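The values are calculated or read from the model by the stated rules, or taken from the named source; none is laboratory data. Note that the coordinates shown come from a computational prediction; the quantities given were computed from them, not determined experimentally. We place every Cβ from the backbone using ideal geometry, glycine too, and count neighbours over all the protein chains shown. Areas reflect the complete protein model, heavy atoms only, side chains present, ligands, DNA and RNA absent. Shrake-Rupley method; radii C 1.70, N 1.55, O 1.52, S 1.80 Å.
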Amino acid sequence: MIKLKSSLFSLCALSVMSTACMKLDGNLPLFSKKSSEKKVSNFVTNNETSVNQLIGDEKIELKVLSQNEFNVQLMAGQILGANSLEAISLLNDLPQSDASAIKTQKGNAHKLNSQSLLLGLPLGLIGEQSIFGGVITKVSDQKSETLGGLKLTDLAPLHVRPLVTMAAGSPVLTLVGCASQCDEDSEQSPLISFPVVGVDKENQLLMVDLSSIGSELNLVAMLDPDGEFTRLKTISSTTTTFDYSVSTLVFDVNTKMIPLSADPNAPDNNVTEFTVRWYLKLNSAFNPAFKVREPTEGVGFFKTERSKTPKITRFSTTNFGQTVKYYIKNVPEKYRPVFARAFDNWNIELSKIIGRNLLSYEFIDVTDARYNLLTPGDIRYNILEWDLENKASYGGLGPSIANQFSGETLAANVLIQGPTIIDLYTKWFRLSSEARDLLAQGKIREANLIVANFNRQATQEIEKRSQAKFTLTLGSALSMNIHSQREELEDPMIKNHFEIVPEGVSFDDYMAGYFTEMLEHELGHNLGLRHNFKGNLGASDSGQKGSVSRSIMEYLGRPYRYLSGIGLYDRMAISYGYRGAQPKHLNWFCTDEDQADDKVTILTKSP
């Protein structure tokens, strides 16, 4: 086991601030030029066989090569083979544990994927503190709710140091860190390794094949080992894209899967593709101005998963007055003012607490040059997307990614199942009208039957989308978060029955209120808040916005959700999380695991 003890508060970390608040230029030049004519912060893809590209900024430059170009440079002697004596000599000088010093024995050469891209990592970055993780950003299947629900599944960030070690006689780049119960003095262990395929001596670069993570991230083994639900098997995993900006390297691994019974060599297979966007945030540890807060009684925040002493997760308010900017995609023109209102409502409350607006937003049109760049799950951005590509069982989902030592939220996302919601609520309004007509005729049984049938059909339809439950692991030990299966995060499509729509409420008025409430709820999750099911204990019958609950983090019956708003509990919770003000009411909070659901738990939990 590799042991490392080092202060995480390195000097280099002082210059690194949260990526969640990065400023993206309005026109975002996709091809920037310096005097050396290098691309800066450009996506490099594997759509050509002669990729030979430097990416980076004035501080760090990385190199991306195609397999073809790598072979050319290897033959020309520009790159040293990973097992050559000269390469081994250079690698022995890089940070590594005594137990893993590079040996000179001959090993099996790593076989490259002809479609993969290779990364040249500066030797000076070996041993430096970094943050590593990954997020499923794309699923090609647009019909399966089970597979669509895997979007935004992530690996909670790992604080790691890249070291050079040996595996089967060949050098590998190993990410060494702590996976759980971590603090500054925790013992560090190897977590995942990537084959070293060569050394660029002139440019001082370690050439690494990051596509090998595809073998660690075997989607068939993780999602459905026997193909019982997906009926799929993996045929390839390839690194398809690199990008580097804001001190963050991102690379996409594309995994292709086909039906279990299909011949992998057949030309007409039905292929399902998954894209995992991995990130290595270089020289990243802490925002030195961020104040760590531990959980406290009376309010509920999400907590870090890996730290020995869990911290609540929240955005930083210290980034030189910058806002946490969201990029909003695909929201229909009709509902844009509604979504803007949710942000504005939160800013009104946040301004009272921290003295200024914290959130900002920009609607991104499909014609915008940044549209494809801004991908939900990319740790460099905060994205809100009206999902037009995938179906899932939730109505809204609001996961975030946080520094596991401090709790500082690095990036957050919101996915809205807009098209399905519109369809479902259109049916609800139509059937409510029919039921109301029957009630006016005194046909109470028939009216109740219409409502009951709708609830049953809607429930059955949504339940089809979440039959398969999976446990994802990276390698042998690191579990991944399937956010769509986390009750504490999901806004379920059907939970709480559909009663008859309140009389006098139009579809447009209801949906405006509902989407405002939904987004305020999901932004509450992004801000760090967990569900609170005691909010309705502070309800009144005034019928005014916000009167139905003291917390936006609650789920109410459908006739009331459009009236819910940011409430007294939410203000109290945010005041603690973002200013350290201790809660004055300790009996206003009850979250998912606090609820009683049978005769036994009702004795110890809340009804």
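Using the beta-carbon distance between Asn448 and Ala340 and R0 = 41 Å, what value does 1/(1 + (r/R0)^6) give for FRET efficiency, to the nearest 0.05?
0.55
Which of rounded, prolate or oblate describes region 501-607 when judged by the alpha-carbon gyration tensor and an a/c cut-off of 1.5?
Taking the square roots of the gyration eigenvalues as a ≥ b ≥ c, region 501-607 is oblate.
For region 111-196, calculate the relative contact order in percent as a whole number, restricting contacts to Cα pairs under 8 Å that are 6 or more residues apart.
Reported relative contact order: 22 percent.
Ignoring ligands, DNA and RNA, how do Asp183, Asp263 rank by accessible area with a 1.4 Å probe, largest first?
So, going from the largest accessible area down, we get Asp263, Asp183.
What are the residues whose amide H is under 5 Å from the amide H of Gly198, where those residues sit 5 or more places off or on another chain and H is modelled from the backbone?
Ala82, Met207
Among the trypsin sites (Lys or Arg not before Pro) in region 332-383, which ones are in a DSSP loop with at most 16 other Cβ atoms within 10 Å of the Cβ? Mind listing them?
Filter output for region 332-383: Arg356.
Residue by residue through region 401-407, which ³J(HN,Hα) values in whole Hz follow from phi under the Karplus form 6.51 cos²θ - 1.76 cosθ + 1.60 (θ = phi - 60°), with glycine and proline marked x?
10, 10, 4, 7, 9, 10, x
In the structure shown, do any of Lys281/Lys308; Lys303/Lys599; Lys138/Lys599; Lys427/Lys534 have a Cα-Cα gap over 32 Å, and if so which?
Over 32 Å Cα-Cα: Lys138/Lys599.
For Leu117, which sequence-distant residues (separation of 5 or more, or a different chain) have an amide H within less than 5 Å of its own amide H, given hydrogens modelled in the peptide plane?
Excluding prolines and chain starts, which carry no amide H, the hits are Thr239.
Looking at region 122-212, which trypsin sites (Lys or Arg not before Pro) are DSSP coil and have at most 15 other C-beta atoms within 10 Å of their C-beta?
Answer in residue order: Lys143, Lys201.
Taking 0.36 nm per residue of separation and subtracting the Cα-Cα distance, what length does fully extending Asp183 through Lys59 add?
41.7 nm is the gain from fully extending Asp183 to Lys59.
Take the Cβ-Cβ distance between His585 and Ile422 as r, set R0 to 45 Å, and report the resulting FRET efficiency rounded to the nearest 0.05.
Taking R0 as 45 Å, the efficiency between His585 and Ile422 is 0.75.
Mind listing the phi-derived Karplus ³J(HN,Hα) values for region 194-199, rounded to whole Hz, using 6.51, -1.76 and 1.60 with θ = phi - 60°, and x for any glycine or proline?
Result, ordered by residue: 10, x, 8, 9, x, 9 Hz.
What spacing in nm lies between the two simple spin-label points modelled at Ser140 and Leu388, each 7 Å away from Cα in the Cβ direction?
With each label placed 7 Å out from Cα toward Cβ, I get 2.1 nm.
Kindly sort Glu408, Glu499 by accessible area of their heavy atoms, largest first, with the probe set to 1.4 Å.
Glu499, Glu408
Apply 1/(1 + (r/R0)^6) to the Cβ-Cβ distance of Arg571 and Glu434, taking R0 = 51 Å, and write down the FRET efficiency to the nearest 0.05.
Between Arg571 and Glu434 the formula returns 0.80.
What's the extension gain from Asn92 to Lys605 if we count 0.36 nm per residue and subtract their Cα-Cα distance?
Contour length minus Cα-Cα distance gives 178.9 nm.
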